[in-house]
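The values are calculated or read from the model by the stated rules, or taken from the named source; none is laboratory data. Here the structure is a predicted model, which is why all the values come from computation and not from measurement. Neighbour counts are summed over all protein chains in view; Cβ atoms, including those assigned to glycine, are modelled from backbone coordinates with ideal geometry.
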Amino acid sequence: MTVLKVSLSIGAMLIVTAGLSSIAAAQEQGSGEYMFKSIVGDECEGQRCIAVARGLFGFLDRRLHGLEGNGRACADCHMPSDNFQLSPANVEARFQNLQMRRLGNKRADDPLFRPVDANDYRIHGDSASDFSNLRENALVRITFPLPSNMHLIDPATNLPSSETSVDVWRMVPTVNNVKLTGPDGINPWSRGPNASGGYQLDGRFATLQQQALAALTVHAEIQVAPRQSMLDDLSAFQSVLFSSPGVRALSNAVSAGVTPLPDADPPLNSLEQAGKVVFTRACGQCHGGPGQSTPQAPAVRYHEISTQCPRPVDTAVTPPRYVFKPCPASLARNVRTYEITLPAGITTVDGQTTIRRTSSDPGRALLTGFVGVGLPASDDWNKFDVPSVRGISKTAPYFHNNSAATLEEVVDHYTAFFKRVQANLPAGNKLPPAISTDGVHADRPPVPEEVPALLAYLRKL
Amino acid sequence: MRNLGRWSLAVAALGIAGWVSVRTPPADAPAAISKPSAAVDRRTFNAGGRIHLVQGTHPVPVPAKEQANKRDWVAQFRAVGSNYFEFVTLAARAAYEGDGAAQYYVGRALTRCEETNTLYQDADSADQAVAHLAVSPALLELERREYSNCSKFRSGNPFKNLPERPGGYPADYWRSRAVASRYPVAMVAAALDSPGQYTPQVIATALATGNTEAMLLFGWSQATAAKAADAAPIMAAAWVLAACRSGANCGPTNEALPLATCGAGIELGCTERYTAVDELTGSLRPQDLDEANLLALDIQGSMQYRDPERLKKYLPF
């Protein structure tokens, strides 16, 4: 047993070391703040440089002077050594490292592992210690008040519970390239908040300052509101973080109003070039615009792409027309069933005024309560904003719940998704623009022969 | 925002407790210089975190006049950098004997180190404690120094020459005494930190002493609380400019200002010569800066009368 522990610890240390190697390498290349300048650039991209520098300090600061936080810094979850995101590999490495340290220091601490992000927090409070969602999937707890027309179903009684809020578990997105994402003022959804996009997976924040405030409040558990200037500084810092020099140059061109915009991609070989053509056709309808995060009308702003649990299963025909990778138990455990009261005057075909839906994360429905009205594609159930895919080669795993480990799994998922869209299309309806250029032919999804090229291109992003 | 809501209640409770402590100095403290003499209004923060004043009837404590031949505790405090233990050891006796400046800065030093020691109480070592700052070697070095300096409070007692006191001599004790001593910076800090407890009269009275650190703290606090697009920063900036021109420490060594990055080795956006005036110049629109400069001149002119009533029109609430 001891041997196993030591082996795990050594493994963890190796992973941590690997994770930090980019920092060490950067530091070796120059004295002082080489790493800092390599991250933010020398020109501060239109932000005030001192605000950027303060923002970096604030981003790394676990003390959060005067705010009475829980010891977490932004960087504890948006790890600089992990492209400002959080991956299961790094979480587990840190967890194992913590266990190893505790052999010598029983009170050793890593603020990533705070009770608020333990699975059993609602049961055990500050003594909660089951970090399965964090360790296995790098997911953190996000709590939403339930809209007035939504209730959770108590699994023990199958009746609506008295719960007034719900916990969902979401990945920690990178803060690279946020300058190119967020609200863009175009192609609005039919209801808010932030009908034209926002920050976070569901687009619920209009500004980086709002996002930072919420993260400090929920994840760092601050007890005192931060000054606006601190939020502005954090925003300034995040606004100079880019996944590549090409994306940085693109952002600068956008800010300067330069047209045509430069191509942010690095040099591509012929296979990657072919993949880019496939990407533009198959993915660009939704992952469009400079940030590759703006759906291009007539494609709609917010989408469900069937990444929640449980995943759809085609039971209508054999063999099934589409097959999604089933949710593993580590994600399926986060599923809850909701009872939704329909708006006045609206009933189901059998006259019911309520419906039940099951999901591990209903997405924007938790912001609006707008569920079960019209076609499924037009309500808010399971809908998320479209994230940027710039830098995607460095930010595995993927999707809001980190359910795709690799880009291959992402492409496989979308292949099934496109098939499902076609399979579920009501008779007589046009194919949606996300998969069809003319409403008749499903000519956007990649064919199997194109997948290697598409993957080659995605790996260059 | 659940926690912030809870905090609002906590602040209200602390504010009441703080006021009681203002009215009632600690039992083992030397006698207060004078009794409060005017009216205090209640104050709250509005939804935007901005000060909102509510009329009340509490008396206003009158700030203590600067005493001649006192040590310059402000300069001493800044001179030691993060070696707060050294400062507290040096100032403990004066603070105990009623020097408001010593009390206030001892409180500030202890607050900082209490925070640092709490944060790193379970660290294996200094290296391990600050490892999360590896991305910024300059910040890492600053933090490592502070870790080491603050850890001196764990092994040493800077108050060993003072009479024993139940509960010891924590930061809260000294902050309360500084307010009881009517040290202007402490009064402004208390007014800013305790929503609903103080009036414009309290702040104006503290500012009217001409204490430049109080002016700076007040102006900077107001400036950083507001969104850049709001109008209030102009008046706040005027107070900062007036303070800096009147001799306040407006550079990176003033830890009350967020200028620690300047001169820390990062060399991005500022140097050790950067000041709060540069910060305002860089962040305000030119026309707003011009307006703030004119207002600052007015404030400086009014300050010579040491009359709180003349200053009220310069308070942004």
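Quick one: in the range A:321-356, of everything that is under 21 Å from A:Pro432 (Cβ atoms) and not hydrophobic (A, V, I, L, M, F, W, C), which residue is surrounded by the most Cβ atoms within 10 Å (Cβ to Cβ)? Write out each step before concluding.
Just the residues of the range A:321-356 that are under 21 Å from A:Pro432 (Cβ atoms), to begin with: A:321-324.
Filter once more, so that each one left must be not hydrophobic (A, V, I, L, M, F, W, C): A:321-322.
On the way: A:Arg321: 14, A:Tyr322: 19.
Applying the filter and picking the extreme gives A:Tyr322.
How many residues does the range A:317-336 hold that are of a type outside the set (Val, Ile, Thr), within 19 Å of A:Thr415 (Cβ to Cβ) and in contact (Cβ under 8 Å) with a residue 40 or more places away in the chain?
Keep residues of the range A:317-336 that are of a type outside the set (Val, Ile, Thr), which gives A:319-322, A:324-334, A:336.
So of that shortlist, the ones also within 19 Å of A:Thr415 (Cβ to Cβ) come out as A:319-322, A:324-327.
Filter again for in contact (Cβ under 8 Å) with a residue 40 or more places away in the chain, leaving A:321-322, A:324-325, A:327.
Number of matching residues: 5.
Among the residues of the range B:130-173, write down those that are over 24 Å from B:Glu255 (Cα atoms) and of a type in the set (A, V, I, L, M).
B:Leu162, the sole residue that qualifies.
Taking the range A:116-143 only, how many residues are under 19 Å from A:Val335 (Cβ atoms) and of a type outside the set (D, E, K, R)?
Of the residues in that region, 13 qualify.
Hey, does the range A:375-388 have a residue that's farther than 16 Å from A:Gly203 by Cβ, at pLDDT below 95 and aliphatic (A, V, I, L, M)? It would help to see each step written out before you state the result.
The first filter runs over the range A:375-388 and keeps only residues farther than 16 Å from A:Gly203 by Cβ, leaving A:375-378.
Now drop any that are not at pLDDT below 95, which leaves A:375-378.
In the following step, the residues that additionally are aliphatic (A, V, I, L, M) were identified as A:375, A:377.
Yes; the residues of the range A:375-388 include at least one that is farther than 16 Å from A:Gly203 by Cβ, at pLDDT below 95 and aliphatic (A, V, I, L, M).
Quick check on this structure: which one of A:Asp361, A:Asp314 is among the charged types (D, E, K, R) and in contact with a His (Cβ under 7 Å, 6 or more places away or on another chain)?
Details: A:Asp314 fails: in contact with a His (Cβ under 7 Å, 6 or more places away or on another chain).
Going through A:Asp361, A:Asp314 in turn, just one is among the charged types (D, E, K, R) and in contact with a His (Cβ under 7 Å, 6 or more places away or on another chain): A:Asp361.
Go through the residues of the range A:453-460 one by one and say whether even a single one is assigned to a helix (DSSP H, G or I), under 24 Å from the mean Cα position of the chain (by Cα) and surrounded by fewer than 19 Cβ atoms within 10 Å (Cβ to Cβ).
Taking the range A:453-460 as the starting set, the residues that turn out to be assigned to a helix (DSSP H, G or I) are A:453-458.
Subsequent filtering for residues that are under 24 Å from the mean Cα position of the chain (by Cα) retains A:454-458.
Cutting the leftovers down to surrounded by fewer than 19 Cβ atoms within 10 Å (Cβ to Cβ) gives us none.
Within the range A:453-460, none of the residues are assigned to a helix (DSSP H, G or I), under 24 Å from the mean Cα position of the chain (by Cα) and surrounded by fewer than 19 Cβ atoms within 10 Å (Cβ to Cβ).
Checking the structure you have, find out if any residue of the range A:401-411 is surrounded by fewer than 20 Cβ atoms within 10 Å (Cβ to Cβ), more than 17 Å from the chain's Cα centre (by Cα) and free of Cβ contacts under 8 Å to residues at least 40 places away in the same chain.
Checked the range A:401-411: no residue is surrounded by fewer than 20 Cβ atoms within 10 Å (Cβ to Cβ), more than 17 Å from the chain's Cα centre (by Cα) and free of Cβ contacts under 8 Å to residues at least 40 places away in the same chain.
Listed here are the residues, each with its yes/no results for (1) buried (at least 20 other Cβ atoms within 10 Å of the Cβ); (2) under 20 Å from A:Leu216 (Cα atoms); (3) facing another protein chain (nearest Cβ under 8 Å).
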residue: A:Ile50; (1), (2), (3): yes, no, yes
residue: A:Ala53; (1), (2), (3): yes, yes, yes
residue: A:Leu64; (1), (2), (3): yes, yes, no
residue: A:Gly69; (1), (2), (3): yes, yes, no
residue: A:Cys77; (1), (2), (3): yes, yes, no
residue: A:Pro80; (1), (2), (3): yes, yes, yes
residue: A:Gln96; (1), (2), (3): yes, no, no
residue: A:Arg101; (1), (2), (3): no, no, yes
residue: A:Pro111; (1), (2), (3): no, yes, no
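Which numbered condition trips up A:Gln422, out of (1) crowded, with 19+ Cβ neighbours inside 10 Å; (2) more than 15 Å from the chain's Cα centre (by Cα); (3) closer than 21 Å to A:Tyr302 by Cβ?
Of the numbered conditions (1) crowded, with 19+ Cβ neighbours inside 10 Å; (2) more than 15 Å from the chain's Cα centre (by Cα); (3) closer than 21 Å to A:Tyr302 by Cβ, the odd one out for A:Gln422 is (1).
Do we have any residue at all in the range A:162-174 that's outside any loop (DSSP other than H, G, I, E, B) and at positive phi? Quick ask: steps written out before the conclusion?
Of the residues in the range A:162-174, the ones outside any loop (DSSP other than H, G, I, E, B) are A:165-171.
Now drop any that are not at positive phi, which leaves none.
No, the conditions are met nowhere in the range A:162-174.
Determine if the range A:127-134 includes at least one residue that is within 14 Å of chain B (Cβ to nearest Cβ) and either closer than 28 Å to A:Ser359 by Cβ or surrounded by fewer than 21 Cβ atoms within 10 Å (Cβ to Cβ) (or both).
The first filter runs over the range A:127-134 and keeps only residues within 14 Å of chain B (Cβ to nearest Cβ), leaving none.
Within the range A:127-134 (the criterion being within 14 Å of chain B (Cβ to nearest Cβ) and either closer than 28 Å to A:Ser359 by Cβ or surrounded by fewer than 21 Cβ atoms within 10 Å (Cβ to Cβ) (or both)), the answer is no, since none of the residues qualifies.
Of all the residues that make up the range B:67-88, how many are surrounded by 20 or more Cβ atoms within 10 Å (Cβ to Cβ), more than 14 Å from chain A (Cβ to nearest Cβ) and in contact (Cβ under 8 Å) with a residue 60 or more places away in the chain?
Going residue by residue through the range B:67-88, those that are surrounded by 20 or more Cβ atoms within 10 Å (Cβ to Cβ) are B:73, B:77, B:82, B:84-85, B:87-88.
Next, from what is left, pick out any that are more than 14 Å from chain A (Cβ to nearest Cβ): B:73, B:77, B:85, B:87-88.
Adding the requirement that they be in contact (Cβ under 8 Å) with a residue 60 or more places away in the chain leaves B:85, B:88.
The total comes to 2.
When you check A:Ala297 against the structure, is it surrounded by fewer than 21 Cβ atoms within 10 Å (Cβ to Cβ), among the small types (Gly, Ala, Ser) and either touching a residue at least 40 places away in the same chain (Cβ under 8 Å) or in a loop (DSSP other than H, G, I, E, B) (or both), yes or no? Before the answer, list the steps.
Numbers: surrounded by fewer than 21 Cβ atoms within 10 Å (Cβ to Cβ): yes; among the small types (Gly, Ala, Ser): yes; either touching a residue at least 40 places away in the same chain (Cβ under 8 Å) or in a loop (DSSP other than H, G, I, E, B) (or both): yes.
Taking the combined requirement at face value, the residue satisfies it.
Can you name the residue in the range A:300-338 that is among the hydrophobic types (A, V, I, L, M, F, W, C) and outside any loop (DSSP other than H, G, I, E, B) and is also farthest from A:Thr164 (Cα to Cα) among such residues? Let's see the steps before the verdict.
Let us first name the residues in the range A:300-338 that are among the hydrophobic types (A, V, I, L, M, F, W, C), namely A:300, A:305, A:309, A:313, A:316-317, A:323-324, A:327, A:329, A:331-332, A:335.
Then keep just the ones that are outside any loop (DSSP other than H, G, I, E, B); that gives A:313, A:323, A:329, A:331-332.
Values: A:Val313: 31, A:Val323: 35, A:Ala329: 26, A:Leu331: 23, A:Ala332: 22 Å.
If we take residues in the range A:300-338 being among the hydrophobic types (A, V, I, L, M, F, W, C) and outside any loop (DSSP other than H, G, I, E, B), then A:Val323 is farthest from A:Thr164 (Cα to Cα).
Residues that are in contact with a helix residue (DSSP H, G or I) (Cβ under 8 Å, 6 or more places away or on another chain) and either in contact (Cβ under 8 Å) with a residue 40 or more places away in the chain or more than 30 Å from A:Ser330 (Cα to Cα) (or both): does the range A:419-426 have at least one? Step through it out loud before you land on a result.
From the range A:419-426, those in contact with a helix residue (DSSP H, G or I) (Cβ under 8 Å, 6 or more places away or on another chain) are none; that's our starting set.
Looking for residues that are in contact with a helix residue (DSSP H, G or I) (Cβ under 8 Å, 6 or more places away or on another chain) and either in contact (Cβ under 8 Å) with a residue 40 or more places away in the chain or more than 30 Å from A:Ser330 (Cα to Cα) (or both), one finds none in the range A:419-426, hence no.
Can you pull out every residue in the range B:288-317 that is under 15 Å from B:Thr212 (Cβ atoms) and either polar (S, T, N, Q) or not in a helix (DSSP H, G or I) (or both)?
Result: B:Gln300, B:Ser302, B:Gln304, B:Arg306.
Could you tell me whether the range A:220-234 includes any residue that is modelled with pLDDT of 95 or more, part of a loop (DSSP other than H, G, I, E, B), under 24 Å from the mean Cα position of the chain (by Cα) and more than 14 Å from every other protein chain (Cβ to nearest Cβ)?
No, the conditions are met nowhere in the range A:220-234.
Picking from B:Ala243, B:Ala237, which residue would you name as being in contact with a helix residue (DSSP H, G or I) (Cβ under 8 Å, 6 or more places away or on another chain), modelled with pLDDT under 95 and not in a loop (DSSP other than H, G, I, E, B)?
Numbers: B:Ala243 fails: modelled with pLDDT under 95.
B:Ala237 is the lone residue from the list that is in contact with a helix residue (DSSP H, G or I) (Cβ under 8 Å, 6 or more places away or on another chain), modelled with pLDDT under 95 and not in a loop (DSSP other than H, G, I, E, B).
For the list (1) surrounded by fewer than 16 Cβ atoms within 10 Å (Cβ to Cβ); (2) out of contact with any Lys or Arg (no Cβ under 9 Å at 6 or more places or on another chain); (3) touching a residue at least 60 places away in the same chain (Cβ under 8 Å); (4) β-branched (Val, Ile, Thr), I need the number of the one condition that A:Thr143 fails.
Exception for A:Thr143: condition (2).
B:Glu255: outside the structural domain of B:Thr281 (by TED's automatic domain parsing) and at pLDDT below 95, yes or no? Working first, answer last.
On the way: outside the structural domain of B:Thr281 (by TED's automatic domain parsing): no; at pLDDT below 95: yes.
No.
Tally the residues that are under 12 Å from B:Tyr96 (Cα atoms) and either in contact with a strand residue (DSSP E or B) (Cβ under 9 Å, 6 or more places away or on another chain) or not polar (S, T, N, Q) (or both), restricting the search to the range B:176-209.
Qualifying residue count, the range B:176-209: 2.
Taking the residues in the range A:235-253 that are within 15 Å of A:Arg390 (Cα to Cα) and hydrophobic (A, V, I, L, M, F, W, C) as candidates, determine which candidate is farthest from the other protein chains (Cβ to nearest Cβ).
Among those that are within 15 Å of A:Arg390 (Cα to Cα) and hydrophobic (A, V, I, L, M, F, W, C), it is A:Leu250.
If the requirement is being within 14 Å of another protein chain (Cβ to nearest Cβ) and of a type in the set (Asp, Glu), which of these qualifies: B:Asp122, B:Asp99?
Values: B:Asp99 fails: within 14 Å of another protein chain (Cβ to nearest Cβ).
Of the residues listed, the single one that is within 14 Å of another protein chain (Cβ to nearest Cβ) and of a type in the set (Asp, Glu) is B:Asp122.
Is it the case that some residue within the range B:102-119 is of a type in the set (A, V, I, L, M), within 14 Å of chain A (Cβ to nearest Cβ), more than 25 Å from B:Ala256 (Cβ to Cβ) and in a helix (DSSP H, G or I)? Give the steps one after another, and end with the answer.
Kept after step one, since they are of a type in the set (A, V, I, L, M), are these residues of the range B:102-119: B:102, B:106, B:109-110, B:119.
Filter once more, keeping what is within 14 Å of chain A (Cβ to nearest Cβ): B:109-110, B:119.
The next check asks that each one be more than 25 Å from B:Ala256 (Cβ to Cβ); those that pass are none.
Scanning the range B:102-119, I find no residue that is of a type in the set (A, V, I, L, M), within 14 Å of chain A (Cβ to nearest Cβ), more than 25 Å from B:Ala256 (Cβ to Cβ) and in a helix (DSSP H, G or I), so the answer is no.
Of the conditions (1) away from chain A (no Cβ under 14 Å); (2) modelled with pLDDT under 90, B:Pro137 clears all except one; give me its number.
(1)
So, in the range B:275-287, of the ones that are out of contact with any Cys (no Cβ under 6 Å at 6 or more places or on another chain) and assigned to a loop (DSSP other than H, G, I, E, B), which residue ends up surrounded by the most Cβ atoms within 10 Å (Cβ to Cβ)? Spell out the reasoning first.
So in the range B:275-287, the residues out of contact with any Cys (no Cβ under 6 Å at 6 or more places or on another chain) come out as B:278-287.
Among the residues that remain, those that are also assigned to a loop (DSSP other than H, G, I, E, B) are: B:284-285.
Working: B:Leu284: 19, B:Arg285: 12.
Here the answer is B:Leu284.
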